Amino acid sequence: MSQQKVYLKPNVQAEPLFNQWYAWPYLIAPATASMYMTNSYFKIMESFVAAPQFHVSALQNPKMKGGPFINYDASKVDEIKALLEKTKAEQEELIELAEGLKKLHLLLMEEAKGYSMEPLYERVPEVLKGYVELSYDLNNLPSARLIEGLLYKSKYYKTSSQSLSLSLVEKDDRPFIFSTPRLEDEQSLPLDVHFRHEGLDELFEMKQTPKPLGAIEEILNIKNGHRGSLWRSFFTEDAPAPLKKYTEEPVRVRYFGHACILIESKDVSILCDPLISYKYEGGIDRYTYSDLPEVIDYLLITHQHHDHFMLETLLQLRHKTKTAIVPKNNGGELADPSMKLLLQNIGFRQVIEIEEMETIEVEGGSITGLPFLGEHADIKIRSKTAYAIDLQDKAIVVGADSTNCEYRLYDNIKGALGKVDLVFLGVQCDGAPLSWAYGGLLIKPLARKMDQSRKSSGSDYEKGLALIESLQPQEVYVYAMGYEPWLSYLMHFENYEQSRSFAEANKLVSECQSRGIISERLYGQRELYLTP
């Protein structure tokens with residue numbers, strides 16, 4: 001065993017995979033994973049195997065980059081076909097679970113007419129018996145509550161489907177990851193470890209703490225063989241700059257790109273919606289993992305869209321996170337899996353759910369959950385919250401993608417909060433239709449006009465301005481627009497400077513400035529100080 005102590009290079013990319021597809025929250029929770037595998041990913045692979053040139057041609061149009069098209073040429077047909085057959089053979093339980101969820105939904109729609117549910121338990125599909133509770137709301141509309149905690153303990157949650165792919169990233173232009181499975185290549189090294197594996201903490205600690213290479217190989221069961229040189233290329237003897245604890249009096253706020261905000265006082269560090277760039281030469285200025293504190297006291301997540309609940313980043317921060325705070329869950333809705341259970345099952349030890357207007361005391365201040373309306377295409381999603389962070393008598397509202405579709409809400413919030421100093425608000429007002437994010441969960445097809453009318457959009461100029469008029473902050477920052485170049489693998493905006501969202505964001509900033517409010521549309525990186 002090599003006793004040579006080395007560091008993990010700052011540009012080692014660690015992609016989490018589920019059955020070789022890039023993993024996001026809905027591929028972790030068993031019920032949603034079953035639906036997306038059968039309703040989305042199988043169909044994409046089958047389409048590619050049947051007509052690979054259709055996918056190739058589609059992706060020649062940049063506007064199709066975010067569509068259901070595999071980004072390989074026809075030479076990969078046999079590999080995609082083999083992956084499809086392998087996944088179907090290994091995931092029989094998930095296929096059965098998805099079929100059971102569809103049958104249960106149809107059963108309730110056809111048979112639950114307001115009479116007692118008890119006789120229907122006998123007709124629940126076998127795969128779901130003991131995993132659901134049937135009920136009505138007060139308008140006699142039926143529903144089934146999934147008992148998620150049990151599903152994570154069942155055969156339907158297979159950690160053997162999880163893995164990581166390591167590679168070196170040296171530029172911003174990563175391929176779009178949601179429509180193409182990861183096939184083995186010479187530049188990436190698959191790690192056959194599940195997301196909860198404690199060895200991942202040991203690995204990612206090596207970005208700052210050197211360890212013997214042989215020790216981490218043993219922990220992760222690395223077999224060198226012909227890939228040994230690639231594995232060793234991920235490490236260096238060069239020590240990084242040491243992480244420094246922030247010790248000054250003003251509250252420091254750092255924008256890491258998109259919706260990722262680090263708020264620090266001399267007493268506490270709070271990281272919101274972590275999505276962080278790797279460190280490499282070139283590109284625009286940005287903060288990276290190297291600019292984070294040694295310890296994250298509180299990690300806040302606003303909702304579980306892939307650009308806010310980012311598994312690739314979360315797994316790399318787990319070892320330094322004391323407490324994660326997530327929105328209170330609905331309780332068993334298919335489209336709204338528990339974020340607390342999800343984080344716990346990927347290895348986070350201290351996870352707290354927060355209610356709307358509930359306050360958690362922290363050293364030198366508090367964190368309060370705020371109502372978060374809209375942005376989910378009118379799907380019944382409870383797992384979403386904005387946050388009011390009060391440190392050293394400075395109140396910061398982290399609004400994420402809140403849609404101000406009910407203006408009176410923020411009047412009420414202002415009455416409860418009192419003074420607000422600074423607001424972060426997303427103004428990505430032209431979001432994707434319902435089917436883009438939630439199509440894999442739909443039991444029945446949605447009419448196109450309905451689909452197009454229900455978008456995952458944030459506030460526009462008018463709604464954002466009304467929110468600002470209610471909260472009356474001294475500073476307003478538009479963020480979470482998705483325009484940073486290192487985000488191209490998650491979101492694709494062709495000519496975003498000509499988009500409606502870009503125009504609305506700039507209009508809101510200009511209007512705030514004309515009213516004497518400090519305002520800016522954030523891009524790349526930014527550092528702010530709030531003096532007590």
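The values are calculated or read from the model by the stated rules, or taken from the named source; none is laboratory data. Quick caveat, the model's predicted, so the values are computed rather than measured. Heads up, the Cβs are rebuilt from the backbone with ideal geometry, glycines too, and the neighbour counts pull from every protein chain shown. Ligands, DNA and RNA are excluded from the accessible area calculation, which covers all protein heavy atoms including side chains. Shrake-Rupley method; radii C 1.70, N 1.55, O 1.52, S 1.80 Å.
At-a-glance table
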{"quantity": "Scan of segment 496-532 for residues that are without any contact (Cβ under 8 Å) to a residue 60 or more places away in the chain, part of a strand (DSSP E or B) and either more than 26 Å from the chain's Cα centre (by Cα) or more than 20 Å from C429 (Cβ to Cβ) (or both), ordered by number", "calculated": "I518, S519"}
{"quantity": "Pick from segment 494-529, criterion among the aromatic types (F, W, Y) and open to solvent by less than 80 Å² (accessible area, probe 1.4 Å), ranking: farthest from M64 (Cα to Cα)", "calculated": "F502"}
{"quantity": "Failed condition for E355, given (1) touching a Gly at 6+ places or on another chain (Cβ under 7 Å); (2) under 27 Å from D393 (Cα atoms); (3) touching a residue at least 40 places away in the same chain (Cβ under 8 Å)", "calculated": "(3)"}
{"quantity": "Hits in segment 279-306 - residues which are part of a loop (DSSP other than H, G, I, E, B) and buried (at least 22 other Cβ atoms within 10 Å of the Cβ)", "calculated": "L292, I301, T302, Q304, H305"}
{"quantity": "Selection status of L334, open to solvent by 20 Å² or more (accessible area, probe 1.4 Å), aliphatic (A, V, I, L, M) and either touching a Pro at 6+ places or on another chain (Cβ under 8 Å) or within 14 Å of P25 (Cα to Cα) (or both)", "calculated": "yes"}
{"quantity": "Subset of segment 254-267 (residues that are closer than 15 Å to I367 by Cα and open to solvent by less than 10 Å² (accessible area, probe 1.4 Å))", "calculated": "I261, L262, I263, E264, S265"}
{"quantity": "Long-range neighbours under 6 Å by Cβ, at least six apart or interchain, first residue within 19 Å of Y410 (Cα to Cα) within segment 372-384, second open to solvent by 40 Å² or more (accessible area, probe 1.4 Å) and part of a loop (DSSP other than H, G, I, E, B)", "calculated": "L373/C405; G374/C405; R382/N330"}
{"quantity": "Verdict on L101 being open to solvent by 20 Å² or more (accessible area, probe 1.4 Å), of a type in the set (A, V, I, L, M) and assigned to a helix (DSSP H, G or I)", "calculated": "no"}
{"quantity": "Unmet criterion (only one of (1) assigned to a loop (DSSP other than H, G, I, E, B); (2) touching a strand residue (DSSP E or B) at 6+ places or on another chain (Cβ under 9 Å); (3) open to solvent by 10 Å² or more (accessible area, probe 1.4 Å); (4) not charged (D, E, K, R)) for F309", "calculated": "(3)"}
